[in-house]
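Accompanying notes for the structure given below.
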Amino acid sequence: MERSPATPSIRGTPDAFATLMEITSRPSVVFVDGRGSWLRDQNGKAYLDFIQGWAVNCLGHCPDVITKAIAAQAGRLLNCSPSFYNEPMIRLAELIAQHSGLHRTFFTNSGAEAIEGAIKLARKWGQKYRDGAYEIITMDHGFHGRTLAAMSASGKPQWRQLFEPKVAGFPKVPLNDLAKVEQAITSRTAAVMLEPIQGEAGVYVASDAFLRDLWALTKRENILLIFDEIQTGIGRTGKFFGFEHAGVTPDIMTLGKGLGGGVPLGALVAHEDVCCFDHGDQGGTFNGNAFVTAVGCAVIDEIAKPGFLPKVVQAGAYLANRLETLSRKHGGSGVRGKGLLLAIDLGREIGPAVVAEALLRGLLINAPRPDSLRFMPALTVTHDEIDEMISILDATLRHVRDEHWQR
Ligand SMILES: Cc1ncc(COP(=O)(O)O)c(C=O)c1O
């Protein structure tokens, strides 16, 4: 059969996009440039961005520190193969160790790949030190990425029947329920893995008390504690890492998203005592290349500047306050989250309609659940930008509510 790039796909993708694989419903906007909290499309229309590549561009779009780091590193060295050390790789691992209290890092190209690494490391540890234990207890509604083991570890209800058979060995328990974790632990258990805040599930916070009790439980039972800090790490919650709120350090942590400030970079970070990979167990062509790790250094240098994180806390408190009022005004029950990872409840399942209408009005937000909106702006977002976002969202919510009344 003759095929042409102009042939519309079976799901009716407009011709211009027909050569891209259909994996989600995308609006027909094409973005061409961005700066700070703003994006611009091919027609010159500006959008206020409170998604930021799904909490990736922690310093906003194209900040000088990142574009300079990219230009400088691009002129020196991009990739010397993962079989050799490079300077930015060494420096970034040192920075992560210094700020996290953990000891060793393996760099990855995505969050899901860091999760795969965490699962492998925990299984290796279980094999070596816990009589072949391999199960990792994870949380209902948790999200750990889209590779097969990461999907298997996730507790997203819509994925239950997808891509069966999944990778075995991920019993699920409810978040914030220590008794259920305790009941799930057996001789097969190697680790417990969770997000300090369930971002994709709709921004549900693991309580500090739960994280502390979980830490004590895993120590008592001689199993590992893994925190998925892919969304909560690198300043997102107002601290360098989400676990700092509870004052407990995991044995293994995964990073992604903000670590690269927009370039694909993740990390598997672990305590010295659990780093038990043998040569050949872990690796990858692009892992730890000088180009992306140089960007990671620039990001961490910026976040570590005195005054940076206190400003995130201030901006987060301001945003939470304004969102709380807005949610209640429109019939919702308030705000959830920490720092600049926040969600509001809408009281009704109008999230997708609100997101679509906000886009038309030049605002990017996300609805992780039909009854909620999520906000993950640049960590450098200003009070003026927050005010502008609230004003657009207020008008959007009024419009969507009126439309719903008319039906
Ligand atoms: C908590 C968490 N873990 C893992 C992932 C997967 O990261 P990536 O999309 O970079 O593979 C995500 C992505 O949204 C995430 O939020």
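The values are calculated or read from the model by the stated rules, or taken from the named source; none is laboratory data. Here the structure is a predicted model, which means the values were calculated and not measured. Here Cβ is always computed from backbone atoms with ideal geometry, including for glycine, and neighbour counts include all displayed protein chains. Heavy atoms of the whole protein, side chains included, go into the accessibility calculation; ligands, DNA and RNA do not. Shrake-Rupley method; radii C 1.70, N 1.55, O 1.52, S 1.80 Å.
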Where both residues lie in region 183-316, what percent of DSSP beta bridges are antiparallel, nearest 5? 45 percent
Which residues in region 30-48 place their backbone N less than 17 Å from a point set 7 Å from the Cα of Ala74 along the Cα-to-Cβ direction? 32-35
Comparing Ile390, Ile230, Ile66 in a Gaussian network model of the chain (Cα, 10 Å), the one with the largest mean-square fluctuation is Ile390
So which lysines can Lys124 reach, going by Cα to Cα under 28 Å and dropping same-chain residues fewer than 8 places off? Lys156, Lys166, Lys172, Lys180, Lys219, Lys257
When a/c reaches 1.5 or more, the comparison of a/b and b/c decides; with that in mind, is the chain rounded, prolate or oblate per its Cα gyration tensor? rounded
Acute angle (nearest 10 degrees) that the helix 351-360 long axis makes with the longest principal axis of the chain, alpha-carbon atoms: 60 degrees
Can you bin region 347-407 into rounded, prolate or oblate? Criterion: square roots of the alpha carbon gyration tensor eigenvalues sorted a ≥ b ≥ c, rounded for a/c under 1.5, prolate for a/b above b/c, oblate for the rest. prolate
Could you work out [θ]222 nm for the chain from helices alone, using -39500 (n - 2.57) per DSSP H run of at least four and dividing by all its residues? Round to the nearest 500 deg cm²/dmol. -11500 deg cm²/dmol
Helix 208-221 against the longest principal axis of the chain: what's the angle in degrees, Cα atoms only, rounded to the nearest 10? 20 degrees
When DSSP beta bridges are limited to those with both residues in region 117-250, what percentage is antiparallel, rounded to the nearest 5? 20 percent
Treating only Lys and Arg (+1) and Asp and Glu (-1) as charged, each at its beta carbon, one finds that region 346-395 has a dipole about its Cα centre, in Debye to the nearest 20, of 260 debye
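Checking the a/c ratio against 1.5 first, then a/b against b/c, what shape does the Cα gyration tensor give for region 251-299? The partial results should precede the final answer.
Numbers: a/c = 2.65, a/b = 1.55, b/c = 1.72.
Oblate, because a/c is 1.5 or more while a/b does not exceed b/c.
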By the scheme Lys and Arg +1, Asp and Glu -1, what is the net charge of all other residues having a beta-carbon under 12 Å from that of Ser152? +2
Over the chain, calculate the relative contact order: mean separation of alpha carbon pairs under 8 Å at least 6 apart, over the residue count, as a percent. 21 percent
Quick check for me: using +1 on Lys/Arg Cβ and -1 on Asp/Glu Cβ, what's the dipole size of the chain about its Cα centre, in debye to the nearest 20? 280 debye
Take every Cα pair under 8 Å in region 189-332 that's 6+ residues apart, average their separations, divide by the length, and report that relative contact order as a whole percent. 19 percent
Going highest first, how would you order 172-182, 251-261, 314-324, 218-228 by mean Cβ packing within 10 Å? 251-261, 218-228, 314-324, 172-182
With the chain treated as a Gaussian network of Cα nodes joined by springs under 10 Å, which of Arg76, Arg328, Arg361 yields the largest mean-square fluctuation? Arg76
Which angle from 0 to 90°, rounded to the nearest 10, does the C-alpha axis of helix 87-100 make with the longest principal axis of the chain? 90 degrees
FRET E, pair Asp131, Asp402, Förster distance 60 Å, beta-carbon r, rounded to 0.05: 0.45
Formal net charge of residues neighbouring Phe243 (Cβ-Cβ distance under 14 Å; K, R +1; D, E -1): -3
Spin-label model distance (nm) - Val29 vs Ser207, 7 Å beyond Cα toward Cβ: 3.9 nm
Two-site FRET efficiency, Arg220 against Lys305, from Cβ-Cβ distance with R₀ of 51 Å, rounded to 0.05: 0.85
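Note the full-extension length gain between Tyr85 and Ser187 as 0.36 nm times their separation in residues minus their Cα-Cα distance, in nm to one decimal.
32.9 nm
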With a Förster distance of 25 angstrom and the Cβ-Cβ distance between Arg361 and Arg328, calculated FRET efficiency to the nearest 0.05 equals 0.70
Whole-Hz ³J(HN,Hα) for each residue in region 120-135, computed from phi via Karplus 6.51 cos²θ - 1.76 cosθ + 1.60 with θ = phi - 60°, x for glycine and proline: what do you get? 5, 5, 5, 5, 5, 4, x, 5, 7, 10, 9, 6, x, 4, 9, 6
Using the Cα centre as the reference, give the magnitude of the dipole from point charges on the C-beta atoms of region 86-160 (Lys, Arg: +1; Asp, Glu: -1; all else neutral), rounded to the nearest 20 debye. 160 debye
Out of the total accessible area of region 85-148 (probe 1.4 Å, heavy atoms of protein only), what percent is carbon and sulfur? 50 percent
Percent antiparallel among DSSP beta bridges with both residues in the chain, to the nearest 5? 65 percent
Mind ordering 337-350, 103-116 by average Cβ neighbours within 10 Å, highest first? 103-116, 337-350
Relative contact order (percent) for region 254-407, with alpha-carbon contacts under 8 angstrom and 6 or more residues of separation? 16 percent
For a quick check: with amide H placed at 1.01 Å from N, whose amide H comes under 5 Å from Ser37's, ignoring anything fewer than 5 positions away on the same chain? His61
Each residue of region 158-172 in order: what ³J(HN,Hα) in whole Hz does its phi give by Karplus 6.51 cos²θ - 1.76 cosθ + 1.60, θ = phi - 60°, with x for Gly and Pro? 5, 8, 3, 9, 7, 6, 5, x, 7, 6, 7, x, 10, x, 10
Residue among Ala358, Ala93, Ala209 with the largest mean-square fluctuation in a Gaussian network model of the chain, springs linking Cα atoms under 10 Å: Ala209
Dipole of the chain, positive end: most advanced residue of His103, Val313, Met21 [Cβ charges, Cα centre]: Met21
